[in-house]
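Below is one structure, written out as structure tokens, with a few remarks after it.
The values are calculated or read from the model by the stated rules, or taken from the named source; none is laboratory data. Owing to the predicted nature of the structure, the values given are computational and were not obtained by experimental measurement. Quick reminder, even Gly has a Cβ in these numbers, built from the backbone with ideal geometry, and neighbours come from all protein chains shown. The area values use the complete protein model at the heavy-atom level, side chains included, leaving out ligands, DNA and RNA. Shrake-Rupley method; radii C 1.70, N 1.55, O 1.52, S 1.80 Å.
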Protein chains: 2
Amino acid sequence: MVQGPRWKQAIETALAVDDKSVVTQLASIDPTTPIPHVRCLIFRGFITPSTNTELPLLLFTTDSRTPKTSQIISNPHVQLAWWIEGAKEQYRVTGLATIIPVPTNGLHKHFLHYTQAGKDNNGAMTMLRKEGFDWEVKRQEVYRGMSPYMKASWCRPIPGSPLVGGEEEAKKWPVKLEEPNADGEWSSEENKRLWETALSHFALVVIDPTDVDYVELGPLPNRRTRFWRNEKGSWSEEALVP
Amino acid sequence: MVQGPRWKQAIETALAVDDKSVVTQLASIDPTTPIPHVRCLIFRGFITPSTNTELPLLLFTTDSRTPKTSQIISNPHVQLAWWIEGAKEQYRVTGLATIIPVPTNGLHKHFLHYTQAGKDNNGAMTMLRKEGFDWEVKRQEVYRGMSPYMKASWCRPIPGSPLVGGEEEAKKWPVKLEEPNADGEWSSEENKRLWETALSHFALVVIDPTDVDYVELGPLPNRRTRFWRNEKGSWSEEALVP
């Protein structure tokens, strides 16, 4: 059944045409400098509270040791630019981002503070909490769905730090991680340690959208629509000049 | 002859593999809000001073009536994220942006102030000025190189403003602009007026890079290199953990 806001249906329709265009660009601000930050992030899907399907969250992943984590904790306002080539559509999503690391990470308290304090103005995060949504279960599920090569990337030294030892050192990093067997057992203690290391660095990035600017360059005349979340927890829209 | 900084050669090599990946994402800050801004911009090439080929500028275009113009004039610090799919490479370019509108536009004085005051620390903009580079000639040349459909896009009402009159009104916008003939004559006064309107809204966006973060996801182990412009007007580089 088709449901959710019209911009979400448009993204799903565009991705059905061009399922390769999952690379988005996330901009954030580091409050200590006047320089904006932007990097590529792969879209991993929507998470929608069952009590209000009008409020889907956008899901991404990261390494909790990257600078975007501290930037987002300092200032959760983000904007995403997303060009879906096969559909000739641009989406610009403005919203509030949350980082969800392993519960034993010191940064996890920021996530709890954000969601438990209802700072999202009774939005999707609060609804999911009331529905009993388990973010740690979700984090582990998303991690398991990653390729063995991606999993290995979270075992490296801190991303963006100087490469001590050079390429020779980098060649010692695991290339891909081995999965546990059906009984949850590993073929070696080392493989278990790598899996746990990667999982401890793996974090979810969740964006709760407040504004979506949707530009369609396929039709003539081109179309542009602004959607914004209103106080009733649904979406208003207005046609704009492209 | 191959010349210029290694990151520029890498971009050129990647685009030779995948010449469709010219869509980049430019992040900027609006000093009046804590929300970063990011949108897609098409890369239009490099402009390099002949007196120092180590200092290439990156060229883009825009409508001078868009919000990015005032954002960049208020705060020229920008960052660009660029994923070149066919090469599996991400470039993040940090730098200072300049908007170059038609000389009769009130905003043109900001461009003159920026370049003539040597605010770029004797960088590429100052070098080009000393070399007699004519930005208005360049602006018109880039405009002429745009497709007739793109040219028509600069005749619309202010981008991002409410669509007064709806789709019916939008259908009255020109779809493509007609070129003047070889003698510079138009087939009608209306076609001349449209051409001049579009040219008056058309602006160059030039980024003078200070830092480039280059990630190669093709080779194993993956590579990441940071380049930064040093005080001698050339580039230093350091290998980082991807």
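Quick look at the numbers
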read-out: Gap separating the Cα centres of the stretch B:1-69 and the stretch A:59-90, nearest whole Å; value: 20 Å
read-out: Magnitude of the charge dipole, the stretch B:168-226, Cβ model with Lys/Arg +1 and Asp/Glu -1, debye to 20; value: 440 debye
read-out: Simple label model, 7 Å out from Cα along Cβ direction - B:ARG144 to B:GLN116, nm; value: 2.7 nm
read-out: 7 Å along Cα→Cβ, label-point gaps from A:THR51 to other copies, nm, shortest first; value: 6.7
read-out: Inter-label distance, nm, simple model (7 Å from Cα along the C-beta direction), A:ALA16/B:ASP19; value: 3.5 nm
read-out: Rounded if a/c under 1.5, otherwise prolate or oblate - the protein assembly as shown, Cα gyration tensor axes; value: oblate
read-out: Whichever lysines have a C-alpha closer than 18 Å to that of B:LYS171, once near sequence neighbours (fewer than 8 apart) are set aside; value: B:LYS151
read-out: The stretch A:8-113: trypsin sites (Lys or Arg not before Pro) in DSSP coil with no more than 14 other Cβ atoms inside 10 Å; value: A:LYS20
read-out: Heavy-atom accessible area, 1.4 Å probe, ligands and nucleic acids excluded: residues of the stretch B:61-81 down by at least 20 Å² from chain alone; value: B:HIS77, B:GLN79, B:ALA81
read-out: For B:GLY106, label point 7 Å along C-beta direction: distances to other copies, nm; value: 5.0
read-out: Farthest positive-ward along the stretch B:88-242 dipole, Cα basis, beta-carbon charges - from B:HIS110, B:SER236, B:PRO174; value: B:SER236
read-out: Amide proton proximity set for A:VAL241, modelled H, under 5 Å, gap of 5+; value: B:GLY160, B:SER161, B:LEU163
read-out: Calculated diffusion of chain A, Stokes-Einstein form, Kirkwood radius summed over Cα pairs, 10 °C and 1.306 mPa s, µm²/s; value: 81 µm²/s
read-out: Pairwise burial B:A, computed as accessible area of each alone minus the pair, summed, 1.4 Å, Å²; value: 4000 Å²
read-out: Amide N of the stretch A:131-149 lying under 16 Å from the label point, which is placed 7 angstrom from the Cα of A:ALA182 along Cα→Cβ; value: none
read-out: The stretch B:120-242 shape via C-alpha gyration tensor axes, a/c threshold 1.5; value: prolate
read-out: Isotropic mean projected area of the C-alpha convex hull, the stretch B:31-70 (nm²); value: 4.3 nm²
read-out: From phi via Karplus (6.51, -1.76, 1.60), per-residue ³J(HN,Hα) for the stretch B:158-175 in Hz, x at Gly/Pro; value: 4, x, x, 7, x, 7, 6, x, x, 4, 4, 5, 4, 5, 7, 5, x, 8
read-out: Cut-off under 5 Å, modelled amide H: who pairs with B:VAL22 long-range; value: none
read-out: Electrostatic dipole magnitude of chain A [Cβ: Lys, Arg +1; Asp, Glu -1; Cα centre; debye, to 20]; value: 420 debye
read-out: Phi to ³J(HN,Hα) by Karplus 6.51 cos²θ - 1.76 cosθ + 1.60 over the stretch A:54-66, Hz, x for Gly, Pro; value: 7, 10, x, 9, 9, 10, 9, 10, 7, 9, 5, 8, 7
read-out: Copies compared at B:MET150 - label distances in nm, ascending, label defined 7 Å from Cα in the Cβ direction; value: 3.4
read-out: Anisotropy class of the stretch A:84-149 from Cα gyration tensor, a/c 1.5 cut; value: oblate
read-out: For chain A, built as a Gaussian network whose Cα springs stay under 10 Å, the top-fluctuating residue of A:THR61, A:THR32, A:THR24; value: A:THR32
read-out: The stretch B:1-103, Rg to Rh (Cα coordinates; Rh as Kirkwood inverse mean 1/r); value: 0.98
read-out: Size of electric dipole in the stretch A:1-123: Cβ of Lys, Arg +1 and of Asp, Glu -1, about Cα centre, debye, nearest 20; value: 220 debye
read-out: Most to least packed among A:25-31, B:175-181 [average Cβ atoms within 10 Å]; value: A:25-31, B:175-181
read-out: Entries of B:LYS8/B:LYS109; B:LYS88/B:LYS130; A:LYS8/B:LYS20; B:LYS88/B:LYS119 with Cα pairs more than 32 Å apart; value: B:LYS88/B:LYS130; B:LYS88/B:LYS119
read-out: Per residue solvent-accessible surface (Å²) - the stretch A:119-237, probe of 1.4 Å; value: 53 Å²
read-out: ³J(HN,Hα), Karplus 6.51/-1.76/1.60, whole Hz, each residue of the stretch A:76-85, x for Gly, Pro; value: x, 6, 9, 9, 10, 10, 9, 9, 9, 3
